[in-house]
């Protein structure tokens, strides 16, 4: 089975599951409306995001299938990138308590994007910074879940930011 067929099948399955959960979420009864984001809105937000991502995946696969020429090449199996990714996760976890969530996440995302083939440094930096800002807003500010702040001067900088 070709990669494009696998992508189509995967995205359609995810879309179907997301639509099922969106339908199931509509049956959640809300008893306490004192919060803006409650037990019904979080699943709806997440499932809507999942639907949007699966539709994006379908569109991307469709565009890729239109551009792709049938050229068969033998790919070598390489464990270099997965192994390096595993090491990067370990370094990221180690650095969380030293330099804090913000800086270590930006560095981790930037290096991982480069490892996965991101060629433009500006896009990589923008993606890393925007993703980190979203996580800080979501977890630290909106959900009040404390994120690692680091130690020393990094802790002081984290206290200024959030």
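The values are calculated or read from the model by the stated rules, or taken from the named source; none is laboratory data. Keep in mind that this is a model prediction, so the values were computed, not measured. Heads up, the Cβs are rebuilt from the backbone with ideal geometry, glycines too, and the neighbour counts pull from every protein chain shown.
Of all residues assigned to the range 73-95, none qualifies as being surrounded by 12 or more Cβ atoms within 10 Å (Cβ to Cβ), at pLDDT below 90, in the same structural domain as residue 145 (by TED's automatic domain parsing) and farther than 22 Å from residue 127 by Cα. Selection within the range 108-135: residues that are at negative phi and not in a helix (DSSP H, G or I). The member of this set that is surrounded by the fewest Cβ atoms within 10 Å (Cβ to Cβ) is 119. The set of residues in the range 138-153 being under 16 Å from residue 100 (Cβ atoms) and in a helix (DSSP H, G or I) consists of 139, 140, 141, 153. Apart from one condition, residue 119 fits all of (1) out of contact with any helix residue (DSSP H, G or I) (no Cβ under 9 Å at 6 or more places or on another chain); (2) assigned by TED's automatic domain parsing to the domain that holds residue 13; the exception is (2).
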